[in-house]
Amino acid sequence: MNAEGEIVAKRCGLTRGDMIDQIRQWEERVENAAGFASAKEAATQLKLYVAEARNRGINVLLKYPIHR
């Protein structure tokens, strides 16, 4: 399995509580990012976690959508 596959497997294996914790952590990383590249990467990860949560029926808000 490649690195991306391992990350996806980890995300899919999280419990509801862990998923929400990860979303909060990525939100903090966006808020505290040192620059644009860091903020964009954190926002990308946040988007993936929020998508997974929504697929599970967890109603969460994507606070930091990526705009071009």
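Some observations on this one:
- For Asn32, the conditions (1) at pLDDT 95 or above; (2) touching a Phe, Trp or Tyr at 6+ places or on another chain (Cβ under 8 Å); (3) not charged (D, E, K, R) all hold with the exception of (2).
- Looking only at residues of region 39-60 that are of a type in the set (Gly, Ala, Ser) and within 14 Å of Gln25 (Cβ to Cβ), we find that the one that is farthest from the chain's Cα centre (by Cα) is Ala53.
- Residues that are touching a helix residue (DSSP H, G or I) at 6+ places or on another chain (Cβ under 8 Å) and of a type in the set (Asp, Glu), drawn from region 36-68: Glu52
- Region 7-33, subset closer than 18 Å to Ile66 by Cα and among the aliphatic types (A, V, I, L, M), residue nearest to the chain's Cα centre (by Cα): Ile23
- For the chain, the helices (runs of 4 or more DSSP H) that sit wholly inside it and include 3 or more residues that are open to solvent by less than 40 Å² (accessible area, probe 1.4 Å) and not β-branched (Val, Ile, Thr) are 16-31, 36-55.
The values are calculated or read from the model by the stated rules, or taken from the named source; none is laboratory data. Since we're looking at a predicted model, the values are computed, not measured. Because the Cβ atoms are built from the backbone with ideal geometry, glycine has one as well, and the counts that use them run over all protein chains shown. The protein model used for the area step is the full one, side chains on, heavy atoms only, and it has no ligands, DNA or RNA in it. Shrake-Rupley method; radii C 1.70, N 1.55, O 1.52, S 1.80 Å.
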